[in-house]
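Structure, as structure tokens:
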Amino acid sequence: MKRAKSRTASGIRAPLNRLLPDCPMTAQRNVLFLIADDWSRIADCYGNGVVHTPRIDALAHEGTVFEQAFCTSPSCAVSRACILTGYHSHSHGQYGHCHGIHGFSTHPHITSTLSSLKAHDYATACIGKKHVEPPGVYPFDFEPEVNARNGVELARAAHDFWAAHPDQPFYMHVGFTDPHRAGRGFGNERPYPDVPETQYSPDDVVVPPYLPDVPDVRADLAEYYQAVSRFDFGVGCLLDALEESGRADETLVIVTIDHAMPFPGAKASFFDSGHHCPFILRAPGITIPGTRSQSLINWTDIRPTLHDWCGVPAPEDLPGRSLLPGLADPSVPDWEYTFFSHCFHEVVDYNPYRVLRGRRYKFVRNLAAGLTTMLPTDLFRSTTWTAVRRDAIPSMGERPTRHVITREPEELYDIEADPTESVNRIDDPDLQEVAAQMRAQLYQFRRDTADPWLEVDFQEGRIDRLEPR
């Protein structure tokens, strides 16, 4: 189950030339990174036949859809730091939100995709939501004030950036606010100039198996679907702007998310419903249109991929690897497992866990299982959670409601037999060998990545000091 690395000390461009002898290596290779806020695999290209996402679906037909993509942490700021630095949350230091009273920040010695690309004369832009700190780690040249729910405004800012940097390769990070919650709704109550409004009936939505099928939940999901369609329109605006710029043939496009949807049992939880995310990639000259990848990937693989595309050497200690060789050469070994690492969401939402997720089994180590987990503020105020509390709904779909806010020290799930992760099999005598193997592998991962939480084992009441490094 060892994960092979594709990076080389001498750089990235040479391996791609060997894999892709017919792929033109242009003087400038650009990146357009489109990231939504709290979006799950809710699009027609991911099997949802209700929500209207024609531009995302069109991109999926032109590129590669990753079926088994997982965020490393189901929290907004934390996940974005993972994406941009390539390190897990316990390594990069931005353990939770960076804004306001929360105050978490990436360690200043950490590098990012931005700092590396700027050293190779790339122009960098963040249009819309950024949610990472400090600026020294994330040096953007261009950060305009925009309404990040309005794709027309975002595209206009993109044109301004390209006009200001006509001769430089670029990394453009477009952070949409949709479909994140806004108070108790999703920002649908206000108009957005030139942006169409797509409404949905609560009767038509697909209720996930981890939510109760009650009217308030359906109404909440209908509002969420509207925000997803507004995001899709914004994706189309940016893709059209890229075509108009004349630089699409040299630009890697990624459409993805920080983590899954803002509903109890998804966002800020270790369940697949919080980590299993959409990820669509179009790399001109590399991706085969309409392909679907089953490789288990996580967000630490994004930075190596971007470096690989741009031909810029990546740090040797990154835990991930580039996705590009696997797209070009089916003989590249598949990836059979992935890791999650979570610490905080808001400063009061302390829910540290580490996870090893394989094809069939998931092993969870909850590092503070004795604490009742607090929901993120937007989930706690949501129409869905209000209904659950008001009506004392005992189960969230197939999961007991108590499982949303309580944890066992260790949990083991058979994903094939129990896809909603409703039955903890950690004490199953038939799975003790599986548990032991995954426990050891997860521990080794934590040592390899210098997890500071290894120093204190809250579950067994002892302190385990790491060996001197």
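Some observations on this one:
- Here Asp167 meets each of (1) assigned to a loop (DSSP other than H, G, I, E, B); (2) in contact (Cβ under 8 Å) with a residue 12 or more places away in the chain; (3) surrounded by fewer than 18 Cβ atoms within 10 Å (Cβ to Cβ) with one exception, condition (2).
- Strands (runs of 3 or more DSSP E) wholly inside the range 316-416 containing at least 2 residues that are closer than 30 Å to Arg184 by Cα: 337-344, 350-358
- Restricting attention to the range 315-344 and to residues that are within 14 Å of Phe445 (Cα to Cα) and aromatic (Phe, Trp, Tyr), the residue that is nearest to the chain's Cα centre (by Cα) turns out to be Phe340.
- Taking the listed residues Ala81, Ala125, the one that is under 27 Å from Gly236 (Cα atoms) and over 16 Å from the mean Cα position of the chain (by Cα) is Ala125, with no other qualifying.
- In the range 63-143, counting only helices (runs of 4 or more DSSP H) that sit wholly within it, the ones holding 3 or more residues that are over 24 Å from Ser269 (Cα atoms) span 113-118.
- Meets criteria (buried (at least 20 other Cβ atoms within 10 Å of the Cβ), under 15 Å from Cys76 (Cα atoms) and of a type outside the set (D, E, K, R)) for His307: no
- For Ser75, the test of being under 30 Å from His92 (Cα atoms), at pLDDT 95 or above and of a type in the set (Gly, Ala, Ser) is failed.
- Considering the conditions (1) assigned to a loop (DSSP other than H, G, I, E, B); (2) surrounded by fewer than 24 Cβ atoms within 10 Å (Cβ to Cβ), Pro179 is excluded by exactly one of them, (2).
- The range 379-392, subset farther than 10 Å from Asp216 by Cβ and surrounded by fewer than 21 Cβ atoms within 10 Å (Cβ to Cβ), residue nearest to the chain's Cα centre (by Cα): Phe380
- Only residues that are under 16 Å from the mean Cα position of the chain (by Cα) and either in a loop (DSSP other than H, G, I, E, B) or of a type in the set (S, T, N, Q) (or both) were counted in the range 44-62, giving 0.
- Any chance Tyr225 is buried (at least 24 other Cβ atoms within 10 Å of the Cβ), in contact with a Pro (Cβ under 9 Å, 6 or more places away or on another chain), hydroxyl-bearing (Ser, Thr, Tyr) and part of a helix (DSSP H, G or I): yes
- Index of the failed condition, Ile288 passing every other in (1) of a type in the set (A, V, I, L, M, F, W, C); (2) closer than 30 Å to Val206 by Cβ; (3) surrounded by 21 or more Cβ atoms within 10 Å (Cβ to Cβ): (3)
Results for (1) touching a Leu at 6+ places or on another chain (Cβ under 6 Å); (2) over 22 Å from Cys76 (Cα atoms); (3) crowded, with 22+ Cβ neighbours inside 10 Å; (4) in the same structural domain as Ser89 (by TED's automatic domain parsing), shown as yes or no for each residue.
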site	(1), (2), (3), (4)
Ala328	yes, yes, no, yes
Asp349	no, no, no, no
Val364	no, no, yes, no
Ile405	no, no, no, no
Asp414	no, yes, no, no
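- Being modelled with pLDDT of 85 or more and of a type outside the set (Val, Ile, Thr) is a description that does not apply to Glu460.
- The selection criterion, being in a helix (DSSP H, G or I) and surrounded by 24 or more Cβ atoms within 10 Å (Cβ to Cβ), holds for Gly274.
The values are calculated or read from the model by the stated rules, or taken from the named source; none is laboratory data. Just so you know, these numbers come straight off a predicted model, no measurement behind them. Cβ: placed from backbone, ideal geometry, glycine included. Neighbour counts: every protein chain shown.
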